1. Which residues, taken from the stretch 70-79, are out of contact with any Leu (no Cβ under 8 Å at 6 or more places or on another chain), open to solvent by less than 30 Å² (accessible area, probe 1.4 Å) and either farther than 11 Å from residue 41 by Cα or not aliphatic (A, V, I, L, M) (or both)?
2. I need a count of the residues in the stretch 75-93 that are closer than 15 Å to residue 120 by Cβ, part of a helix (DSSP H, G or I) and of a type outside the set (S, T, N, Q).
3. Do we have any residue at all in the stretch 63-70 that's over 21 Å from residue 152 (Cβ atoms) and basic (Lys, Arg)?
4. Can you list residue pairs whose Cβ atoms sit under 9 Å apart, with the first residue in the stretch 12-28 being touching a residue at least 24 places away in the same chain (Cβ under 8 Å) and the second being of a type in the set (Asp, Glu) and crowded, with 21+ Cβ neighbours inside 10 Å? Count only pairs 6 or more apart in sequence or on different chains.
5. List the residue pairs whose Cβ atoms are under 7 Å apart, where the first residue sits in the stretch 113-129 and is of a type in the set (Gly, Ala, Ser), the second is not in a helix (DSSP H, G or I), and the two are 6 or more positions apart or on different chains.
6. How do the pairs read when you match residues in the stretch 80-91 that are over 15 Å from residue 162 (Cα atoms) with residues anywhere that are among the polar types (S, T, N, Q) and in a helix (DSSP H, G or I), using Cβ under 8 Å and keeping only pairs 6 or more apart or on different chains?
7. How many residues does the stretch 48-74 hold that are of a type outside the set (A, V, I, L, M, F, W, C), touching a strand residue (DSSP E or B) at 6+ places or on another chain (Cβ under 8 Å) and not in a strand (DSSP E or B)?
8. Of everything in the stretch 50-69, what is out of contact with any Pro (no Cβ under 9 Å at 6 or more places or on another chain), open to solvent by 10 Å² or more (accessible area, probe 1.4 Å), touching a residue at least 24 places away in the same chain (Cβ under 8 Å) and over 24 Å from residue 100 (Cα atoms)? Give them in sequence order.
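The values are calculated or read from the model by the stated rules, or taken from the named source; none is laboratory data. Please read these numbers as outputs of a predicted model, since none were measured by experiment. We place every Cβ from the backbone using ideal geometry, glycine too, and count neighbours over all the protein chains shown. Remember, those area values only see protein heavy atoms, side chains included, never the ligands or the DNA or RNA. Shrake-Rupley method; radii C 1.70, N 1.55, O 1.52, S 1.80 Å.
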Amino acid sequence: MIVLLIGIIPVRIAIAFSQTPIPQAIFTLGGGPNREKFTAQFAQNHPTLEIWVSSGTRPDIASKIFREAGISDERVNLDRRAVDTVTNFTSLVADFKSRNIQHVYLVTSDFHMRRAIAIATIVFGSQGIAFTPVSIPTKNPPETWLHILRDFGRAILWLFTGRTGASARTLIHLLASDRSLV
């Protein structure tokens, strides 16, 4: 059953690509003002696309970055629900579906892109949303396969349960950072 359900994802992505070959929105994973700055510049070349930034820089700073690039506030959606990379996707997928968005530009740093693609394949692909990766060049080494596999597993957990494991992960980090609680 699991293999069958996951096996359908590439088909759903292919259908979304064929129905909507050109992205309909820009989706940026938060992670520092450089991502918003890159997205603002990228959006200048795509003036009809809405911009979605998931848990990025503080809203006042992000809004200023986009305004300085000549991007109107009406185009920019600053969503603060996500607490990590997996929830960047799971917190917005229903919003994209409700707006009939079937294809997005996926913007994140180059070192983070493999993990973002792994999560997007499961979360967006399962909902019939295609994505076109757009990497922001950095000098950072790629993330480890352990990080990628962990979050790929969390995306699969979300697919079957609707939960990402983020609250358990947060609790573990809190306990690990305060050894007096352990």
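1. 76
2. Residues meeting the conditions: 3.
3. Start the filter on the stretch 63-70 by keeping residues that are over 21 Å from residue 152 (Cβ atoms), which leaves 63-70.
After this cut, where a residue has to be basic (Lys, Arg) as well, the list is 64, 67.
Within the stretch 63-70, one or more residues are over 21 Å from residue 152 (Cβ atoms) and basic (Lys, Arg).
4. 28/36
5. Filtered contacts from the stretch 113-129: 116/29; 116/106; 116/108; 120/106; 120/131; 128/102.
6. If the second residue must be among the polar types (S, T, N, Q) and in a helix (DSSP H, G or I), the pairs left are 81/87; 83/170.
7. Final tally of qualifying residues: 4.
8. 68, 69
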